[in-house]
Amino acid sequence: EEEIAELAYPRHPRRIRSTLLLSNLAPLLQHPQSHIRFPFESFKTANWDIEHVRSVASAELGSPALQAEWLRQTKRYLELVAQEPDAVALQVKIRAHLDLAPREGAAVFEPLYAEILKYFHEDDGEPDNSIANLVLLDQETNRSYKNAVFPVKRQRVIELDAHGVFVPHCTRNVFLKSYSPSVGNALYWTQQDRDEYQQKVIETLSDFVKGGWVDV
């Protein structure tokens, strides 16, 4: 528990990657009735990123092109699933912003970015770089949505899984909120969700070591 709690990105990338990989492997080894096999070939041939479940900053959106793409992704999601007045008003603001010239849009991006984060409850507290907010995701998928808000990432992961694209099962479980006994709003990755996910990682690895799989 202490070792997991001290892990932070980007300070411990190798340890975090190893911990997340073992968290995906251990349940498959611990449960003989499981017929799921880990696709090592897919894991070997793809490049894997350590991905934040919940977005951490706008620093990755430093160019007008990236900002516009981020806004388009958010708008598409809102148009598909969110029709309450606040969501519709936000869509209008995003469309108006996208109609601006790139430099004009970049100059006023931060206030709109902050408003979107507030709508998705991602504006509270400091960025979370602990393992409670980290998963493994293939590089192509991760970099295709450039620090999107949680529900946009969630929708993308569900689409990949539905099309038979390999998504590590812990990553899938996180975005499906399978580690949260009382699932709240699927739009938000809350502090409770993070705490329960981190506890699941701790329990999985503790059981793995106690079961005699690892020579300690």
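Please work out which residue is nearest to Glu3 (Cα to Cα), limiting yourself to region 152-171 and to residues that are touching a helix residue (DSSP H, G or I) at 6+ places or on another chain (Cβ under 6 Å) and open to solvent by less than 30 Å² (accessible area, probe 1.4 Å).
It comes out as Cys170.
If you check Asn133 against the conditions, is it more than 20 Å from Leu66 (Cα to Cα), open to solvent by 10 Å² or more (accessible area, probe 1.4 Å), touching a strand residue (DSSP E or B) at 6+ places or on another chain (Cβ under 7 Å) and in contact (Cβ under 8 Å) with a residue 24 or more places away in the chain? So that I can check it myself, show each step before the final result.
Values: more than 20 Å from Leu66 (Cα to Cα): yes; open to solvent by 10 Å² or more (accessible area, probe 1.4 Å): no; touching a strand residue (DSSP E or B) at 6+ places or on another chain (Cβ under 7 Å): yes; in contact (Cβ under 8 Å) with a residue 24 or more places away in the chain: yes.
Answer is no for this residue.
Identify all residues within region 162-210 that are outside any helix (DSSP H, G or I) and over 21 Å from Asn142 (Cα atoms); write none if there are none. Reasoning before the result, please.
Here is the first cut: in region 162-210, the residues outside any helix (DSSP H, G or I) are 163-168, 176-190.
Correct list: Tyr179, Ser180, Pro181, Ser182, Val183, Gly184, Asn185.
Matching residues to (1) of a type in the set (A, V, I, L, M, F, W, C); (2) at pLDDT 85 or above:
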| residue | (1), (2) |
| --- | --- |
| Arg15 | no, yes |
| Ala26 | yes, yes |
| Lys44 | no, no |
| Trp48 | yes, yes |
| Leu66 | yes, yes |
| Arg76 | no, yes |
| Gly105 | no, no |
| Phe109 | yes, yes |
| Tyr113 | no, yes |
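State whether one or more residues within region 21-28 are open to solvent by less than 20 Å² (accessible area, probe 1.4 Å), farther than 28 Å from Gly211 by Cα, in contact with a Leu (Cβ under 9 Å, 6 or more places away or on another chain) and assigned to a helix (DSSP H, G or I). Steps first, please.
First, the residues of region 21-28 that are open to solvent by less than 20 Å² (accessible area, probe 1.4 Å): 23-24, 26.
Among the residues that remain, those that are also farther than 28 Å from Gly211 by Cα are: none.
No: region 21-28 contains no residue that is open to solvent by less than 20 Å² (accessible area, probe 1.4 Å), farther than 28 Å from Gly211 by Cα, in contact with a Leu (Cβ under 9 Å, 6 or more places away or on another chain) and assigned to a helix (DSSP H, G or I).
Can you name every residue in region 43-64 that is surrounded by 12 or more Cβ atoms within 10 Å (Cβ to Cβ) and assigned to a helix (DSSP H, G or I)? Reasoning before the result, please.
Step one: of region 43-64, the residues surrounded by 12 or more Cβ atoms within 10 Å (Cβ to Cβ) are 43, 46, 48-56, 58, 60-61, 64.
Residues satisfying the conditions are Phe43, Pro64.
Does region 103-155 hold any residues that are farther than 28 Å from His12 by Cα and basic (Lys, Arg), and which are they?
Taking region 103-155 as the starting set, the residues that turn out to be farther than 28 Å from His12 by Cα are 103-116, 118-120, 155.
Listed by number, the residues that qualify are Arg103, Lys118.
Does Asp86 satisfy the criteria of being over 23 Å from the mean Cα position of the chain (by Cα) and open to solvent by 40 Å² or more (accessible area, probe 1.4 Å)?
On the way: over 23 Å from the mean Cα position of the chain (by Cα): yes; open to solvent by 40 Å² or more (accessible area, probe 1.4 Å): yes.
So Asp86 passes the test.
The values are calculated or read from the model by the stated rules, or taken from the named source; none is laboratory data. Note that the structure is a prediction, hence the values are computed from the model and not measured. Reconstructed Cβ throughout: ideal geometry from the backbone, glycine too, with neighbour counts over all protein chains shown. The area values use the complete protein model at the heavy-atom level, side chains included, leaving out ligands, DNA and RNA. Shrake-Rupley method; radii C 1.70, N 1.55, O 1.52, S 1.80 Å.
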